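Take a look at the structure set out below.
The values are calculated or read from the model by the stated rules, or taken from the named source; none is laboratory data. The shown structure was predicted, so the numbers you read here are calculated from the model rather than taken from an experiment. Cβ placement follows ideal geometry from the backbone for every residue including glycine, while neighbour counts extend to all protein chains displayed. The area values use the complete protein model at the heavy-atom level, side chains included, leaving out ligands, DNA and RNA. Shrake-Rupley method; radii C 1.70, N 1.55, O 1.52, S 1.80 Å.
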Amino acid sequence: MKNSLKLALAGSLAALFCSQAVADDIIGIITKTNTNPGFVKMREGAEEAAAKAGLELRSFAGKYDGDNDSQVQAIENLVASGAKGILITPSDTKAIVPAVQAARDAGVLVIALDTPLEPIDAADMTFGTDNFKAGQLIGQWAAGTLGDRAAGAKIAFLDLAVNQPSVDYLRDQGFMDGFGIDIKDPKKYGDEDDARICGHEMTGGAEDGGRTAMETLLQKCSDVNVVYTINEPSAAGAWEALKAVGKDDGSVLVVSIDGGCPGVRNVAEGIIGATSMQFLKNMGSIGVEALDKYIKSGEKPVATPGLSFFDTGVKLITDKPVAGVESIDTTQGLELCWG
């Protein structure tokens, strides 16, 4: 009887130890900020998947969009803690590479979410939107909406940051390609010679930045009739600046990228003409699932066939469809949006 009790206790302790070992597997998610609702939703997806997998998820974020130092510190913190995998949306796609490489050298699987590193293979894999395609869709929509008037358009570009991270130039140049503007250096915007471009101003991806950038470009091009924006918060700010000078009368097309619920509602209200929706919550959840698979089997994620990353999808949202440009309306968009 005593032997049976000892065996039972030993078995229980062994099971508890195994369970604790799995639960103690640490992974991390590092986003650009904690304020952008898209990154909040991404983190939520990661948290839900980590809880389901029994992983300990530690979350970090930069103090502002572009804060590379905080992201480097977060990587170092996770490596020192024995993390086995890291998900990151890099603020500076080049400057973060040495820290990422140090983590990989330590045996940590690193997956970039939403924003590819430069070079893209500096991470083990990237899960994200095809940002060039996202820009291309709103460029095609804007050109199709204007029709013959596209040849004489005056376009304001409200971009992200002066360091031009990959998500920034990919969206910007995707729009150019879709609209019919010749791209020069494929990894840099601002070198174009198309007379339709009024200029590029930085927004930091924020509403107040969008307002200031739009005010600056209106001083240069009072006859602007197309506004490209890096994301929907900056589009909302641009609209406020346009409204202040009486250009909220339908004479200016505003296009954007994200797919947050406030942005989709702005499409429904006519503030934004069209937006490309990305699926950020899915990025977080499938990123954690990939880390879990790696921890359990050593299997690394693979790219979508024909691409250098895993494509999490994109859809154009508009209530004014253009022939030849696939889209869904805001009713469907509100069922799929985040934030």
Ignoring the sites themselves, what is the longest stretch of the chain with no GluC sites (Glu not before Pro) in a DSSP loop and at most 15 other beta-carbon atoms within 10 Å? 1-268
Which value, in Å² rounded to 10, gives the accessible area of residue 189 with a 1.4 Å probe and all protein chains present? 10 Å²
Could you order peptides 26-32, 245-251 by the average number of other Cβ atoms within 10 Å of their residues, highest first? 26-32, 245-251
Between residue 248 and residue 70, how many nm apart are label points set 7 Å from Cα along the C-beta direction? 3.1 nm
Calculate one ³J(HN,Hα) per residue across region 179-193 by plugging θ = phi - 60° into the Karplus curve 6.51 cos²θ - 1.76 cosθ + 1.60, and present them in order as whole Hz with x for glycine and proline. 7, x, 9, 5, 8, 8, 5, x, 10, 7, 10, x, 9, 6, 10
Computed log₁₀ I(q)/I(0) - Debye formula, equal Cα scatterers, no solvent, region 227-339, q 0.23 Å⁻¹: -1.19
Counting only C-alpha contacts under 8 Å and six or more residues apart, can you give the relative contact order of the chain as a whole percent? 18 percent
Reachable lysines from residue 247, Cα under 19 Å, same-chain residues fewer than 8 places away excluded? 154, 220
Which of (i) 1.11; (ii) 1.53; (iii) 1.06 gives Cα Rg over 2.2 N^0.38 Å as computed here? It is (i)
Write down the accessible area per residue of the chain in Å², having rolled a 1.4 Å probe over the full set of protein chains. 43 Å²
For residue 187, give me every one of the lysines with a C-alpha distance below 22 angstrom, ignoring sequence neighbours fewer than eight places off in its own chain. 32, 94, 133
Set Lys and Arg Cβ to +1 and Asp and Glu Cβ to -1, take the dipole of the chain about its Cα centre, and tell me which of 179, 257, 334 lies farthest positive. 334
Taking Rh as the Kirkwood radius computed over C-alpha pairs, what is the Stokes-Einstein D of region 69-160 at 37 °C in a medium of viscosity 0.692 mPa s, expressed in µm² per second? 214 µm²/s
FRET efficiency, residue 329 to residue 97 (Cβ-Cβ, R0 56 Å, nearest 0.05): 0.85
At 1.4 Å probe size, what's the solvent-accessible area of residue 41? Round to the nearest 10 Å². 40 Å²
Ranking 106, 119, 302 by how far each Cα lies towards the positive end of the charge dipole of the chain (+1 on Lys and Arg Cβ, -1 on Asp and Glu Cβ), the top one is 106
So how strong a dipole does region 227-339 carry about its Cα centre when Lys and Arg Cβ are +1 and Asp and Glu Cβ are -1, to the nearest 20 debye? 260 debye
All other residues with a Cβ under 12 Å from the Cβ of residue 164 taken together, and with Lys, Arg as +1 and Asp, Glu as -1, what is their net charge? -3
Using alpha carbon centroids, what distance separates region 249-319 and region 201-232, in Å? 23 Å
Find how much the distance from residue 81 to residue 265 grows on full extension, using 0.36 nm per residue of separation minus their present alpha carbon separation; answer in nm with one decimal. 62.0 nm
Charge context of residue 316, other residues only, Cβ under 13 angstrom, K/R +1, D/E -1: -2
Simple Cβ-charge dipole of the chain, Lys/Arg +1 and Asp/Glu -1, about Cα centre, in debye nearest 20: 1020 debye
Largest first, what is the accessible-area ranking of 211, 265, 43 with a 1.4 Å probe? 265, 211, 43
Using only the Cα atoms, work out Rg/Rh for region 178-224, with Rh taken as the Kirkwood radius, to two decimals. 1.00
